[in-house]
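The values are calculated or read from the model by the stated rules, or taken from the named source; none is laboratory data. Computed from a predicted model, the values in this text were never measured in an experiment. Cβ placement follows ideal geometry from the backbone for every residue including glycine, while neighbour counts extend to all protein chains displayed.
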C-alpha cells in the first residue's frame, strides 16, 4: 500500500468521527452580523484553533482584528515545495426565518444522507475537510506533501470588512505561492466544477421620510405624501421594463463578453426549464439580449434586498407611515468600482426623490471588486486532475454570480491567485432555511484534498 493509499484508508476509517466533529462545529451559532452572538463567535474561533492544533504539529495562533479574530496556523516542514495558503470562514448567516426550518438550525440533523444546520455547507463542512486531511497525512507520514498556512476568518458573511487591512498588515506572515479556498461552492452536485471568476459587490441603504410622525390615514390621507407609495415609485425607477438598470453611467465600465466567451458559456450543460422548476420560479427575467448564465455570471445587477415601513402586524392600522426604507446590493463585473457604483445610484436617487418626501442614503462600509483566475494556472490545472481522479469525469470550468471577497483581496494586496476548492454545492440552501451539506460530498472532499496536496507536492516551488 502506497503512502497515498494509506492516507485514503485513514480518512475512510475516520468518516464517522469526522462527521461527528462537523456536527459539533455546526452546533455553534456563530452569526457574525448579530452582536448578540459575540460570545458564540469567540467560541467558534476557539473551536477552530483547537481543532487545527489537534490536527498535527501546526503552529496555531489567534490574531485579533478590528472585528472577529483570524485563526492562523502554519506547517513549513517541506523545504523546496510549494507553500499554499488555505482559506475558510467560521462565521455563518442568521438562521431566520426560524419557522421555516424542519429541524432547529443549530441542532445538526442527518436526514436522507444530508446534514442539516445553519453554516454546515457555507462554510463549516468544506473548511473542516483540509484540517482532517492534514491530520491523516501527519498520522501516516508525519508530514505534509507541501507547506501549508491556514487562515480562517470570522467576517465573511458580513463582507470581510477587516480582511483587507489584515492582509496588508500581515503580508510576510501570509506569503505563499497560491491561495486555496474551502469557500466557494461548486455549481452542481452531480458534476464536479471549478470556478474561475466571481462577481463583486456594492451596497447601500436609503430612507424616504414624509411627515415627522405617523399620521391617521383618514384625517391626513390625500393631503401629504405617503413614503411607502413614494418608495415604490423610486424603486421602480431603478430598472427599465426590459430588466436593464436605468442609472446613467452604470454600464460605462462594463466589458462585453467576447464571442469565444459566449460560446464557452453556451456549451455548458444547462437546462433553464429544469433550473426554474428547481427554484420554483414561473419564468426567467432579466436584461434582454443575454442568456440566463450570462446574466447570472457576467452581467452586473441591482437588487432590492429588503423594503419596509408602516404597519406590518395582523389586521389593519389606518396609518400613513412617516418613513419607508430599502436595502440595495449590486453584483459587479470586472472594471466596476464599488464606490463609483454607489455614487451613481445615490445621484439617481437624489435626482428622483418623489414630491413631499426627503431622502437619506447610507452607503455600505465596504465593497468588493470582481475577481478571476487564469484557466491555465498550474494550481487550477492540478485541481482539475484531482477532481477527475475522484469523479472520473473532467470538471466543468464555470463562474460564480456571488461574491467571495478573498479572490480580489489577495490578488490586489499580494498578487496571489485563488483556487476555489469547495465541496458544497449551490443548491444546498445556504443563506436560506434548511441549509444542508451532503454527507457523501464530505467524503469525496477528503479524498480530493488529499490528492490535490499530493499533486501540488510534485510541482516546483
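Laid out as a table, the results:
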| item | result |
| --- | --- |
| The range 116-129 residues that are within 17 Å of residue 153 (Cβ to Cβ) and not assigned by TED's automatic domain parsing to the domain that holds residue 45, paired with ones that are at pLDDT 95 or above and part of a helix (DSSP H, G or I) (beta carbon under 7 Å, 6 or more apart) | none |
| Helices (runs of 4 or more DSSP H) contained entirely in the range 232-341, each with at least 3 residues that are within 29 Å of residue 395 (Cα to Cα) and in contact with a strand residue (DSSP E or B) (Cβ under 9 Å, 6 or more places away or on another chain) | 292-297 |
| Tally of residues being surrounded by 17 or more Cβ atoms within 10 Å (Cβ to Cβ) and closer than 24 Å to residue 109 by Cβ across the range 28-63 | 12 |
| Residue within the range 342-364 that is in a loop (DSSP other than H, G, I, E, B) and without any contact (Cβ under 8 Å) to a residue 24 or more places away in the chain present | no |
| Which listed residue is assigned to a loop (DSSP other than H, G, I, E, B) and either in the same structural domain as residue 166 (by TED's automatic domain parsing) or in contact (Cβ under 8 Å) with a residue 40 or more places away in the chain (or both), from 393, 385, 419, 398 | 393 |
| Residue that is nearest to residue 435 (Cα to Cα) [pool: residues in the range 104-115 that are part of a loop (DSSP other than H, G, I, E, B) and touching a residue at least 40 places away in the same chain (Cβ under 8 Å)] | 105 |
| Unique match (being more than 18 Å from residue 121 (Cβ to Cβ) and either in contact with a helix residue (DSSP H, G or I) (Cβ under 8 Å, 6 or more places away or on another chain) or in the same structural domain as residue 61 (by TED's automatic domain parsing) (or both)) among 211, 225 | 211 |
| Search result, residues across the range 76-95 that are buried (at least 22 other Cβ atoms within 10 Å of the Cβ) and in a strand (DSSP E or B) | 84, 85, 86, 87, 88, 89, 92 |
| Subset of the range 147-182 (residues that are touching a strand residue (DSSP E or B) at 6+ places or on another chain (Cβ under 6 Å), in a loop (DSSP other than H, G, I, E, B) and more than 19 Å from residue 14 (Cβ to Cβ)) | 176, 177 |
